[in-house]
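This report refers to the structure that appears directly beneath it.
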Amino acid sequence: MSLAAQVMFVLFFVWTFIGMPLGYAMLASGIVYFLISGADMGLVASQSLNGIYGNFVMLAVPLFIFAAELMNAGEMTDKMFGFANLLVGRVRGGLAHVNIIASVIFAGMSGSALADAAGPGKISIDMMIKAGYRPGFAGALTSTSAILGPIIPPSIPMVLYGVVTNTSIGYLFLGGVGPGLFMAAVMMAVVAVQARLQDFPIQPKPTRSEAIGVVRDAAPTLLLPVILLGGIYTGAVTPTEAAAVAAFVALVLALFWYRTLTPTKLFQVLRESSKATAIVAITIAGAVVMNYIVAAERLPHMLGVWIASLDMSPMMFMFAVNVLFILLGALFDTLLLLLVCIPILMPTVRELGIDPVHFGVVATVNMMIGLIHPPMGQVLFLISGITGIKVGTILSEIWVLLLMMVATLFILAFVPQITLWLPEMAGYVPQGTFH
């Protein structure tokens, strides 16, 4: 590795640790590299612009962000939560199960863990605390269930993974269904055990007229994931077009069906969506510049040679990468792992015969777990911010769920069939031998 690259990485980590936004840290580090190496500075601009505007698939990211913001502002999450409560609210610990089911449903529409936590998550916590659940447990369960958002399709991280690795986004979406539902089942099993041990409350049975009203109100919202995923899997629309459909349908429902989206709320949705999109765009621009430098320095080749010298099996490689990502996820932003680390690892992944869809889904699950463990824990801080529950209080209750999610991660890593069975049913042919 050249001196310029060493200086770039040192500056990048220093700037990240002192709190510089990730995108700016990557761009600034890249500029320093070009200055020291004497390379053409115009490459910074050209690579950045190509990363943001050079791929039509990238348009799906702001559209999914916009759709999620619309669903939260238009109170569509309230209808969805009522439907989830109708399904499982009457069992012991019913509201805790409702929390998970609501996240599963919302995951089929948003693709974002933070949107899940801020939407149905806030509603779930308020209702759980009123029903007598401990605030720390309510916050812990909500934080954990929110990570289902980017695992069950659609998924913003999977879109980005597909772009940087040239992997089919449609098959990635299909690959996320099995792991997402498996994780939800594990969460519900943990809740069921805790409900018996700690005597969680039971929700009252709704009347027939109340049940009909809940289904009637929720039906249009519940059709959204059917339209969205059905369109992708039948080939009627691309993932990017599906994101546009999701945003359009959410806007129409919020404005004309539920009539809950006022001009003021719409302005807030546009403002928040623009801010979130700008953050992602700057981060992608910086990542593309750093990836160009990584390729120029031949770091993926060097990594491949080093791993080959270790004579690691695919299973050992998966174990090592997952442990590494768990450690890095405690310190760094998800986008850093996704946009910088993944491209470095992909040549080795393919050389070892690991299927890119399987690896992408497992990597996404790993990065989402990083959102709920300290010190980074973005979802934990978001939940704390919108509810007033202290992060320490949430952490004291989350360790059982967190350990179960880590165990689930390794099961998914070593049993590729959980990820690949649905893509294979849709015609996908797994690549490599580790499946």
(Q) As an exercise: evaluate I293 against (1) in a helix (DSSP H, G or I); (2) under 23 Å from the mean Cα position of the chain (by Cα); (3) under 30 Å from S48 (Cβ atoms) and give the number of the one condition it does not meet. (A) (2)
**Q.** Long-range neighbours under 8 Å by Cβ, at least six apart or interchain, first residue within 19 Å of A115 (Cα to Cα) within region 251-277, second of a type in the set (S, T, Y) and open to solvent by less than 30 Å² (accessible area, probe 1.4 Å)
**A.** L253/T221; A254/T260
Q: Can you work out which of the residues in region 360-405 that are open to solvent by 10 Å² or more (accessible area, probe 1.4 Å) and part of a loop (DSSP other than H, G, I, E, B) is farthest from V323 (Cα to Cα)?
A: G388
**Q.** Answer from G136, G132 - the residue that is surrounded by fewer than 24 Cβ atoms within 10 Å (Cβ to Cβ) and at negative phi
**A.** G136
Q. Residue check, L339 against (1) farther than 30 Å from P374 by Cβ; (2) buried (at least 17 other Cβ atoms within 10 Å of the Cβ); (3) out of contact with any Pro (no Cβ under 8 Å at 6 or more places or on another chain), all met but one. Which one?
A. (1)
Q: Having 2 or more residues that are in contact with a Ser or Thr (Cβ under 6 Å, 6 or more places away or on another chain) and touching a residue at least 24 places away in the same chain (Cβ under 8 Å) is the bar; report the helices (runs of 4 or more DSSP H) wholly within region 1-111 that clear it.
A: 3-17, 22-37, 60-73, 76-88, 94-107
Q. Would a scan of region 339-355 turn up a residue that is without any contact (Cβ under 8 Å) to a residue 40 or more places away in the chain, part of a helix (DSSP H, G or I) and closer than 28 Å to G432 by Cα?
A. yes
**Q.** I326, sole failed condition from (1) surrounded by fewer than 21 Cβ atoms within 10 Å (Cβ to Cβ); (2) touching a Pro at 6+ places or on another chain (Cβ under 9 Å); (3) under 24 Å from A146 (Cα atoms)
**A.** (2)
Q: With the condition kept exactly as written, say whether any residue in region 87-95 is surrounded by 24 or more Cβ atoms within 10 Å (Cβ to Cβ), aliphatic (A, V, I, L, M) and touching a Gly at 6+ places or on another chain (Cβ under 9 Å).
A: yes
Q: Kindly check whether there is at least one residue in region 377-392 that is more than 21 Å from the chain's Cα centre (by Cα) and in contact (Cβ under 8 Å) with a residue 24 or more places away in the chain.
A: yes
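The values are calculated or read from the model by the stated rules, or taken from the named source; none is laboratory data. For clarity, every value in this text was computed on a predicted model and none was experimentally measured. Don't worry about glycine lacking a Cβ; one is built from the backbone with ideal geometry, like all the others, and counts go over all protein chains shown. We work out accessible area using only protein heavy atoms, side chains counted, and drop any ligands, DNA or RNA first. Shrake-Rupley method; radii C 1.70, N 1.55, O 1.52, S 1.80 Å.
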